[in-house]
Amino acid sequence: MSWTRKDLLDLQSLTAEEIQTVLETARAFKAVGERVIKKVPALHGKTVVNLFVEPSTRTRTSFQLAAQRLSADIINFTAEASSLKKGETLKDTARNLEALNADFIVIRHSAAGAPHFLARVLQAHVVNAGDGAHEHPTQGLLDLFTMLEKKGRLAGLQVTILGDILYSRVARSNIWGLQKLGAQVTLCGPPTLVPRSFAELGCRVTHVLEEAIEAADVINLLRIQHERQRKSMFPSLGEYTSLFGINRQRLAAAKPDVLIMHPGPINRGVEVDSEVADGEQSVILEQVTNGLAIRMAALFLLNGGKAPQPAPAG
Ligand code: CP
């Protein structure tokens, strides 16, 4: 199956079949990444611009490497050193990049909806690399890919997302993607960061850590996103850690094969201690590796590439 979408903006608007197509394509690209020659010519002659107006380590570098592995040219736009600082608008900035023949604009922005706005005014493919607290679709996809790879299924999987849900774009992309593929999602954290209204999205909501982790197949930990919070949402980080921080003692109440995930960056000693973050149940660095395959798959499919055929049953 090939994609007919011009842009990748969110998981809310993707069908389960489209998500499956990305996951299958990423599996093929992960195998390419294990070969001696890791480069393929799929995007030869195309130009990808990383337009990051917010900081990033994992997403920016993996989109850069994904573009290079697909033989595209890549421009890393640095907002701090750009004419955005002189008052140029985002639209004008993006249209000037398009005038330099950018075929893909990968955008991260603090304003929810910024990628959707650019998608309407540009001919170029637009990929959302995180917009405010709205969505981070490639993170959601790489999380799904990692769970599928480790657990062999998504349907029926019990996934707990723990931490700052209210301000998390990762949580929203995970919720949409997981539910479309049949997983059951539990959200947990302080009531100020996990309002009951999330139950309207079909999630189970609890503010009791033990309830959230006892039946979980996966615990996806989120950091407190201070940069998006407009006021203090709980008394202190120490109190947050004492109630919701994951350490070995707490993990003893979970299934022995529970997966520990985190999109990064980790605040060690707050949402998780180092023993668990670096422990044998943790797949945090494998998520980063899988992010490369997912981003290669996303660029490839947006460019009109055909997904590999699933292996015939039996
Ligand atoms: N997970 C994630 O988006 O990390 P970066 O902010 O480093 O890209």
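Only the coordinates and a few stated rules stand behind these numbers; no lab work does. If you're wondering where the values come from, they're calculated on a predicted model, not measured in any experiment.
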Task: Listed residues 101, 303, 290, most fluctuating in the chain (Gaussian network, C-alpha, under 10 Å) - done: 101
TODO: Please quote Rg/Rh for the chain to two decimal places, taking the Kirkwood radius as Rh and restricting both calculations to Cα atoms.
DONE: 0.97
Task: Linear extension gain, residue 85 paired with residue 239, 0.36 nm per residue minus alpha-carbon span - done: 51.6 nm
Open item on the list: Just to be sure I understand: with springs between alpha-carbon atoms less than 10 Å apart, which residue in 260, 37, 175 has the highest mean-square fluctuation in the Gaussian network model of the chain?
Closed with: 37
Task: For region 137-286, diffusion coefficient by Stokes-Einstein and Kirkwood Rh (Cα), 4 °C, 1.567 mPa s, µm²/s - done: 86
Open item on the list: Please enumerate, by chain and number, the aspartates and glutamates with C-alpha under 19 Å from the C-alpha of residue 180, excluding those fewer than 8 residues away in the same chain.
Closed with: 10, 17, 18, 24, 135, 143, 149, 200, 217
TODO: Sorted from largest down, give the three principal axis spans of the alpha carbons of region 216-314, whole angstrom values.
DONE: 51, 37, 19
Open item on the list: Mean-square fluctuation check for the chain, GNM, Cα pairs under 10 Å: which of 40, 170, 185 is largest?
Closed with: 40
Task: Reciprocal of mean inverse Cα separation for region 14-62 (Kirkwood radius, Å) - done: 13.5
